[in-house]
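What follows is one structure encoded as structure tokens, with my remarks underneath.
The values are calculated or read from the model by the stated rules, or taken from the named source; none is laboratory data. Not measured: the values here are computed from a predicted model. Please note: Cβ atoms are built from the backbone with ideal geometry, for glycine as well, and neighbour counts cover all protein chains shown.
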Amino acid sequence: MTKRKITRFFCGAAAAVCLASSLQFTPAGFGADAAGDLTAFEITEAMQLGWNLGNTLDSYNKNLQTMDLTAETSWGNPLTTQEMIDAVKAKGFSTVRVPVTWYQHVDKDNGYKINEKWLARVKEIVDYCYNADMYVILNMHHEEGWQNSATLGSDYNRIKPFVTSVWSQISETFKDYDQHLVFETMNEPRAIETDHEWWGPTQEECDVINNLNADILGVIRKSGGNNGSRLVMMPGYCASSDTSMMSKIVVPDDDYVAVSVHAYSPYGFTMDSTKPASAHETFTDAYRAELASILDGIRKTFGDKDIPVVLGEFSAANFGNTDARVEWAEAYISTTKAYGIPCVLWDNNAYQNPSNPGEAHGYLNRRELTWYDGSSQVIDKMVEVLSDSSIGWGSERKSPVITHDEITAENTILSGEFALDASVDGGNCSPNAMIKWSNIEGGEIAVKFTGDAPVIAFMDSDWKNWTEVKPYDIDNTNGIAYYSASQIKAAWGEDKLDTINAVCTRTNSKTTVTAIALLGEASGEVDPPEDNTKKYDLDLSKRSDSAQMLIVTFEGAPGSVIQGCIGYMGEEWTNIEFDDKISSNGKYSVEVFLYGKGASNTLNGIPAGITSAQAQIWWCDDADAKMTEYNILGLGGGRIDYGDANDDGVVDIADATLVLQHIGNGDKYKLSETGIRNADVCAPAGITAADSLVIQKVDAKLISVEQLPVESA
């Protein structure tokens, strides 16, 4: 089945007819969208693929108390320009994340007042993104000594005044910006320079982060303007993608909150400089399985609970392995697209980094405004996947429902009570249980636990080749984690399965394991949803050989979300999808182009020769919504085409505009032969400003298309 996305056409009638002599045409401003029109999930879907302005406004200097505007270039990157952001947009990105470090640009003795020049520069760069019609993420980044503190767990009262003051000023500055501006409370808050900086946080540290997130959200919401419906991203401890750490995030009860997660995954492939070059040359099945497990963990933790997620940072460093990175990009974006998770690529403009190859995340050469060869292909693959209509955005946002065998005394290979604590040296692993691949093949392993879901680790007979596998399914109600044989095969390597000798459990937090068991193969992977699709047959047999427009009208409760498609059978069944809201008048219309005979482009319409189609409603908030009518513009001996100067099947203000432009500069604004005939709608004969005025009256519904042509304006 082929899927295509349909674009809704909005043809609003003018409130009053404009005089042709004074008609002005002003492009709509990007910031003119009404605040609050989009839901959190609609915003994250629109964000799609993003790019980080890394190592720029987030730069800092530990040796200085304060920094001025030179901070922007202090880490070696050039000044940000409009042309730079335009290049990012042209490459296929929809979002720019602007990381900003604030602590060296505030007056600590004056309520943490932000330096006005610094705030103005941040605003200028945000405006660059708005000028390019992009979404923007603005955050607090390297706040060293504040939410990045060695004593984080006891620092709440010291940190709170700083973060709330800074966010109060940011919120006030940007309160009138529409929903294309997204706030991110913090970057990677953590107990910096401790032995558990990246793993195993204490509960007190997680509590501080949750409390700061809530405080910042409160400041943003109280600041007025459009901040009441602004999407706010919130990270957990170090923005980790580890399931045990993500589970400690307390998500406020707010309609416009998304969780912020960073996932340079799988780390062994994307960043680990300690591994030999050969470890990065191939995106192996083991890497692929690890990535799938990590992304599925994000889905289970948040998607299953209807909580939006944004992957604020991801990348695969350049180890001279372009082909492997392209494969990684395809696997990564294919999965996150299906899960409905926008991803923001980290770019520090370091294409090569000999001293630390794991930090070679250069994609855009910001001085030349060209894309680095070897990184450009990685982005191209991401854009290609996002444009692939066979993968629906968010089509697999929730995990499938799986049925497992029960844990019994007979299938248990390790039992007891094993308390695991990552903060205790050597205390994060359970005892080993002896196991062979022949015991696992065709089934799965289950671990009974309380606390955070553990990972399982395998070893050979020499206690080497340590290989970890994360659960692919978790029963949180009963405290059971499941690990499939296919996961284990991919992680360990198919060619050496007979060397598996032992398994244990491990945690990055605190867990008590009471059993490891061998189960049979899981069944019923997906409970098929009840099909409540409403279907309406459409007769297209009277369509002509020329281009026309099919208009299908649905009715339902105003404001209801409606999703569905116009489908037809060509070489295969093809869906042209729609996902929108019913208008305030209780109606929703979609237009599908009917291509004429011989047309080669049928990407967003129905080809010639197709004589039947079907309108389908897959979902609507109003269960009683229905299709009420459908029409084909262009039937009726050609008279209906009067007024359609641009020959697009619709008579609206665009036709009036084209007529005036043609009168003013016919060489630049040409009308086709059909357009000239259609545009001549009133006496005297010939194209005049009077024709434009009549078409405006049609758009304002003062006269109908059926009345054309008329004797006079």
**OP:** Could you grab the pairs with beta carbons closer than 8 Å, sequence gap of 6+ or different chains, first residue in segment 557-572 and under 11 Å from Gly586 (Cβ atoms), second one assigned to a strand (DSSP E or B)?
**Re:** Gly559/Lys581; Ser560/Lys581; Ser560/Cys620
Original post:
How many residues are closer than 22 Å to Met84 by Cβ and among the β-branched types (Val, Ile, Thr) if we restrict to segment 310-353?
Top reply: 1
**OP:** State the number of residues belonging to segment 266-321 that are β-branched (Val, Ile, Thr) and over 24 Å from the mean Cα position of the chain (by Cα).
**Re:** 3
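For segment 512-519, state whether one or more residues are assigned to a strand (DSSP E or B) and within 32 Å of the chain's Cα centre (by Cα). Break it down stepwise before answering.
Here is the first cut: in segment 512-519, the residues assigned to a strand (DSSP E or B) are 512-519.
Retained after the next criterion (residues that are within 32 Å of the chain's Cα centre (by Cα)): none.
Within segment 512-519, none of the residues are assigned to a strand (DSSP E or B) and within 32 Å of the chain's Cα centre (by Cα).
Would you check if Ala713 is surrounded by fewer than 20 Cβ atoms within 10 Å (Cβ to Cβ), more than 44 Å from the chain's Cα centre (by Cα) and not β-branched (Val, Ile, Thr)? Don't jump to the end; show me each part of the working.
Numbers: surrounded by fewer than 20 Cβ atoms within 10 Å (Cβ to Cβ): yes; more than 44 Å from the chain's Cα centre (by Cα): yes; not β-branched (Val, Ile, Thr): yes.
The answer is yes for Ala713.
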Original post:
Within segment 632-652, is even one residue within 30 Å of Gly559 (Cα to Cα), outside the structural domain of Phe578 (by TED's automatic domain parsing) and assigned to a helix (DSSP H, G or I)?
Top reply: no
Original post:
Can you find even one residue in segment 442-465 that is closer than 15 Å to Ala286 by Cβ, more than 30 Å from the chain's Cα centre (by Cα) and among the hydroxyl-bearing types (Ser, Thr, Tyr)?
Top reply: no
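Could you grab me the full set of residues in segment 156-191 that are under 20 Å from Ser423 (Cβ atoms) and modelled with pLDDT of 95 or more?
Initially, segment 156-191 is screened for residues under 20 Å from Ser423 (Cβ atoms), giving 156, 188-191.
Listed by number, the residues that qualify are Tyr156, Glu188, Pro189, Arg190.
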**OP:** Return only the number of the condition from (1) more than 37 Å from the chain's Cα centre (by Cα); (2) charged (D, E, K, R); (3) not in a strand (DSSP E or B) that Asp405 does not satisfy.
**Re:** (1)
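Is it the case that Arg367 is outside any strand (DSSP E or B), of a type in the set (Lys, Arg) and in the same structural domain as Ile249 (by TED's automatic domain parsing)?
Values: outside any strand (DSSP E or B): yes; of a type in the set (Lys, Arg): yes; in the same structural domain as Ile249 (by TED's automatic domain parsing): yes.
When the stated conditions are applied, Arg367 passes them.
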Original post:
Got a number for residues in segment 44-94 being more than 30 Å from Asp109 (Cα to Cα), small (Gly, Ala, Ser) and touching a helix residue (DSSP H, G or I) at 6+ places or on another chain (Cβ under 7 Å)?
Top reply: 2
Original post:
Out of all the residues in segment 422-456, which are surrounded by 18 or more Cβ atoms within 10 Å (Cβ to Cβ), out of contact with any Leu (no Cβ under 6 Å at 6 or more places or on another chain) and of a type in the set (Gly, Ala, Ser)?
Top reply: Ala422, Ser430, Ala453
Original post:
Of the numbered conditions (1) under 20 Å from Asn508 (Cβ atoms); (2) of a type outside the set (Gly, Ala, Ser); (3) in a strand (DSSP E or B), Met233 satisfies every one except a single condition; which is it?
Top reply: (1)
Subject >> Test set (1) surrounded by fewer than 19 Cβ atoms within 10 Å (Cβ to Cβ); (2) touching a strand residue (DSSP E or B) at 6+ places or on another chain (Cβ under 8 Å) - Gly218 fails condition number >> reply: (2)
Original post:
Taking segment 422-463 as the region of interest, how many residues are of a type outside the set (Ser, Thr, Tyr) and in a strand (DSSP E or B)?
Top reply: 15
